[in-house]
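A short worksheet on the structure shown next.
The values are calculated or read from the model by the stated rules, or taken from the named source; none is laboratory data. Predicted, not measured: the structure shown is a model, and the values here were computed from it. Note that we place each Cβ from the backbone using ideal geometry, even for glycine, and neighbour counts take in every protein chain shown.
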Amino acid sequence: MSGNVQTKKEECCGCTACYSICPSKAISMEEDSKGFLYPAIDNDICVHCGLCDKVCDFVRFEGVTDTIHC
């Protein structure tokens with residue numbers, strides 16, 4: 001299964017749900033120039049479980065297509 005994490009700042013609220021649920025700790029939260037946190041995936045350790053996709057309200061309810069596939 002493939003998961004999705006938002007890559008556009010306007011499509012991510014920075015809630016850290018994806019970061020918190022990732023069993024392999026493949027998602028880190030990186031700070032932008034204004035201090036807001038956004039997810040970044042380490043594809044080398046991602047196990048492609050899809051939990052980030054399931055927990056993300058933006059993916060589930062907005063139907064966003066501009067995502068990182070993990």
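Based on what the data block shows, is CYS46 outside any loop (DSSP other than H, G, I, E, B), surrounded by 13 or more Cβ atoms within 10 Å (Cβ to Cβ) and at pLDDT 90 or above? No, not satisfied. Residues of the range 12-26 that are in contact with a strand residue (DSSP E or B) (Cβ under 8 Å, 6 or more places away or on another chain) and surrounded by 15 or more Cβ atoms within 10 Å (Cβ to Cβ): CYS12, GLY14, CYS18, TYR19, ALA26. Number of residues in the range 25-60 that are among the polar types (S, T, N, Q) and touching a residue at least 12 places away in the same chain (Cβ under 8 Å) equals 2.
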